[in-house]
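These notes are about the structure you will find just below.
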Amino acid sequence: MLELQGISAGYGSFQALFDVSLTVQPGEAVAVVGPNGAGKTTLMRVISGLLPARSGTVRMQGRDLSKVAPHRIIAEGIAHVPENRRLFPRMTVEENLKMGAFLRAAREDFPERMEWVFGLFPRLRERRSQIAGTLSGGEQQMCAIGRALMSKPKLLLMDEPSAGLAPVVVLQVFDLVRRIRQEGFTVLIVEQNVQQVLKLADRAYLLEVGAIKMSGHAKELQQHDFVRKAYIGL
């Protein structure tokens, strides 16, 4: 479904990614793990068109996304849940969800899509008229995920969904991701919480200093001595 080949990218004179290649197959949950500053968010920004790659290609179902305008990437079936949620804080939950359904294909069955998201996240139904900026951290993450799902994506990008949340809320967020997986969505998730994300992913890539250092089945990485010592603390 998604294929990155030899991606290099950065900001000004700073290079954040070096020759990164990865794939995501339909129905998979793929994790990109690594420390702060490894280039994980940069990778997501390249995929969603927010940052042009300096070299390499990004293809979605065979289509070269370098030829697609950034605001049209979502029409290719890619929805991005950004780091720190990035909700419209002065708008209600329902208004934020409506913003996720601006594509014509999503607008056509908007009421049904809204009901589906409320069924997936009942708390959002309870909070539908509440100003998004007054939600708890976990509720804001539900709203951000729900907004992305309103576009009926083929691939959901999730950037550090557990960042800045209390430990008990982190567990709730990973439970949300599991629920999304059960609905059949393809997910690419970048995350610092290596222990939790490897429990729900099918495959994983370890990104360090802008380069892929290791990849394989998530269970294999969980058992790898280096990963256990450096990232899981075992």
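Every number in this text was worked out from the coordinates using simple rules, so none of it is lab data. Worth saying up front: this structure is predicted, and the values here are computed from it rather than measured. Glycine also receives a Cβ, built like all others from the backbone with ideal geometry; neighbour counts cover every protein chain displayed.
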Two-site label geometry, residue 110 and residue 69: point separation in nm, points 7 Å out along Cα→Cβ
2.2
If you stretched the chain out fully between residue 91 and residue 208, how much longer would it get, using 0.36 nm times the residue separation minus the C-alpha to C-alpha distance?
38.4 nm
Report, for the stretch 54-213, the % of DSSP beta bridges that are antiparallel, rounded to 5.
35
I'd like the Kirkwood hydrodynamic radius of the chain, using the inverse of the mean 1/r over distinct C-alpha pairs, in Å.
18.0
So which of 98/154; 40/219; 154/199; 67/199; 67/213 end up more than 25 Å apart by C-alpha?
67/199; 67/213
Calculated from backbone phi, Karplus (6.51, -1.76, 1.60) coupling profile of the stretch 166-177 in Hz, x at Gly/Pro
5, x, 5, 6, 4, 4, 5, 5, 5, 5, 4, 5
Loop-resident trypsin sites (Lys or Arg not before Pro) in the stretch 1-69 with no more than 15 other Cβ atoms inside 10 Å, DSSP not H/G/I/E/B, are 54
From the phi of every residue in the stretch 131-137, what ³J(HN,Hα) in whole Hz does the Karplus formula 6.51 cos²θ - 1.76 cosθ + 1.60 yield, where θ is phi - 60° and glycine or proline is x?
5, 4, x, 9, 6, 5, x
Can you compute the equivalent ellipsoid semi-axes for the stretch 106-164, i.e. the square root of 5 times each eigenvalue of the Cα gyration tensor, sorted largest first and rounded to whole Å?
19, 16, 8
Please compute the modelled spin-label separation between residue 99 and residue 23, points set 7 Å along Cα→Cβ, answer in nm with one decimal.
3.6
Cα convex hull of the stretch 1-77, projected area averaged across orientations, nm²
5.1
Can you list the residues, at least 5 places off or on another chain, whose amide H is less than 5 Å from the amide H of residue 186, using H built in the peptide plane?
27, 156
